[in-house]
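Worksheet: the structure to be examined is printed underneath.
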Amino acid sequence: MDGNGRWAKKRLMPRSYGHKSGMNRMIGLAEHAKALGIKYLTVYALSTENLSRRPQEELDGLFGLFRKYFTANVKKLYKSNSAVRVIGDLSALPADVAELLRGGEQNSPDGAEFTLIFAINYGSRNEIINAVNAALDGGKRIDEESFSSLLYTAGLPDPDLIIRTGGEKRLSNFLTYQAAYAELYFADALFPDFSDGQFDMALNDYAARDRRFGKI
Ligand code: IPE
Ligand code: MG
């Protein structure tokens, strides 16, 4: 979900205004994705690098948005038989925000038809290193299956399609292990401008691709 800050700057508004607009757009896209029958949507809300490198004021603004809007939106999701899952290192977040996120996960309905996954203080390198350490602590050699079960994404399918908005063409530490065979799509639109229609365009592009997974 890249481009919130630039979107606000273009409007001579503070970055926090862009994050608020981005959050609204994210909720809209989640509803849209669910209506289309998509089962899992992962949103990269905050990277490990964002948390360590952004000004505290901006981070406080982001946490403020969570405090204010997370519970109400999650309750709406539950009502439509959707679950919430969080991936990332919650231990470095403000304790009350971490608790909100964990609560959102724990109170999710079983057998939900749609899961919205928040990647927060998420970084693939951190995830992989934690998994390796857990494997070492377990004292057993790992294979692909057991390794996957040690990642934050344990039990979740690998992504089929990764969409990055905002014009940059990189993964920025997002699901790099899980993305081994993901299709990538880059949109120039800044995230608050990334409409349901543009999401559909990304899906149409994906649908026209030939996924061979190494076969001919
Ligand atoms: C992405 O938008 C959202 C978060 C990382 C929270 P940015 O904040 O990266 O916006 P730009 O890239 O500065 O426009
Ligand atoms: Mg950015």
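Quick notes on this one:
- Matching residues, the range 138-171, being within 16 Å of ligand 2 (Cβ to nearest atom), under 25 Å from Glu105 (Cα atoms) and open to solvent by 40 Å² or more (accessible area, probe 1.4 Å): Ile163
- Residue list for the range 32-53, restricted to those being without any contact (Cβ under 8 Å) to a residue 12 or more places away in the chain, open to solvent by 80 Å² or more (accessible area, probe 1.4 Å) and under 25 Å from Ala202 (Cβ atoms): Ala35
- Hey, Leu150 closer than 20 Å to Gly88 by Cβ and within 16 Å of ligand 1 (Cβ to nearest atom) or not: no
- Of residues in the range 172-181 being assigned to a loop (DSSP other than H, G, I, E, B) and open to solvent by 60 Å² or more (accessible area, probe 1.4 Å), the one nearest to ligand 1 (Cβ to nearest atom): Thr176
- Given (1) in contact with an Asp or Glu (Cβ under 6 Å, 6 or more places away or on another chain); (2) more than 16 Å from Met1 (Cβ to Cβ), index of the condition Asn121 fails: (2)
- Pair list, Cβ < 7 Å and 6+ apart or interchain, from the range 54-67 residues that are in a helix (DSSP H, G or I) to residues that are at pLDDT 95 or above and among the basic types (Lys, Arg): Glu58/Arg15; Leu65/Lys20
- Among residues of the range 182-200 being more than 16 Å from ligand 1 (Cβ to nearest atom) and in a loop (DSSP other than H, G, I, E, B), the one that is surrounded by the fewest Cβ atoms within 10 Å (Cβ to Cβ) is Ser195.
- Residue list for the range 114-137, restricted to those being without any contact (Cβ under 8 Å) to a residue 60 or more places away in the chain, surrounded by 17 or more Cβ atoms within 10 Å (Cβ to Cβ) and closer than 30 Å to Lys34 by Cα: Ser124, Glu127
- Each residue in the range 172-194 was checked for being away from ligand 2 (no atom under 16 Å from the Cβ) and touching a residue at least 24 places away in the same chain (Cβ under 8 Å), and 8 pass.
- Within the range 1-60, being within 20 Å of Val97 (Cα to Cα), more than 15 Å from ligand 2 (Cβ to nearest atom) and basic (Lys, Arg) holds for one residue alone: Lys20.
- Complete set of residues in the range 70-100 that are of a type in the set (A, V, I, L, M) and touching a helix residue (DSSP H, G or I) at 6+ places or on another chain (Cβ under 6 Å): Val74, Val84, Val86, Leu90, Val97, Ala98, Leu100
- Among (1) surrounded by 13 or more Cβ atoms within 10 Å (Cβ to Cβ); (2) of a type in the set (A, V, I, L, M, F, W, C); (3) under 26 Å from Asn121 (Cβ atoms) - the single one Leu203 does not satisfy: (3)
- Matching entry among Asn4, Asn81 (being touching a His at 6+ places or on another chain (Cβ under 6 Å) and at pLDDT 95 or above): Asn4
The values are calculated or read from the model by the stated rules, or taken from the named source; none is laboratory data. Model, not experiment: these values are computed from the prediction. Because the Cβ atoms are built from the backbone with ideal geometry, glycine has one as well, and the counts that use them run over all protein chains shown. We work out accessible area using only protein heavy atoms, side chains counted, and drop any ligands, DNA or RNA first. Shrake-Rupley method; radii C 1.70, N 1.55, O 1.52, S 1.80 Å.
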